[in-house]
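These notes concern the structure reproduced below.
The values are calculated or read from the model by the stated rules, or taken from the named source; none is laboratory data. All figures in this text were calculated on a predicted structure; none of them were measured in a lab. As a convention, Cβ positions derive from the backbone with ideal geometry for all residues, glycine included, and neighbour counts pool all protein chains shown. Only protein heavy atoms, including side chains, enter the accessible area calculation; ligands, DNA and RNA are left aside. Shrake-Rupley method; radii C 1.70, N 1.55, O 1.52, S 1.80 Å.
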Amino acid sequence: GRLSSCGNANSNPGLLGHGEGVTRLNTTTLLPSPPLGDERAVSVSAGCGHSLALAADGSVWSWGAGERGLLGHGDDQAQWQPKKIEAFAGRR
């Protein structure tokens, strides 16, 4: 399906997934298209600092606060929009 978010992310950069500088959305808003490339989201998990999405092709995407490597990209960088976790590429 399509991904959307809303809320306040002032203390968690990127949590909403709408790009740099978007820290508050008062109404549910679709993520910029296409958030997962051309793939459809089949499952989503949202935490207090980051979110994960599983796409129909089996790829896993993450966004939000990246401290301690939480996002799975091999660094501590926050991701303002969904980014594919390359370590899971080709796995099911």
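Express the carbon and sulfur contribution to the solvent-accessible surface of the stretch 7-92 as a percent, rounded to the nearest whole number, probe 1.4 angstrom. Ligands and nucleic acids excluded, carbon and sulfur give 48 percent.
Projected label points at residue 25 and residue 46, each 7 Å from Cα along the beta carbon direction, are separated by 0.8 nanometres. Rolling a 1.4 angstrom probe over the protein heavy atoms with all chains in place gives the chain an accessible area of 59 Å² per residue.
With the Kirkwood sum run over all distinct C-alpha pairs, the chain has a hydrodynamic radius of 13.0 Å. Taken about its Cα centre, the chain carries a charge dipole of about 240 debye when Lys and Arg each add +1 at the Cβ and Asp and Glu each add -1 at the Cβ.
Assign unit charges at the C-beta atoms only (+1 for Lys and Arg, -1 for Asp and Glu), then state the dipole size of the stretch 38-92 relative to its Cα centre in Debye, rounded to the nearest 20.
Value, rounded to 20: 160 debye.
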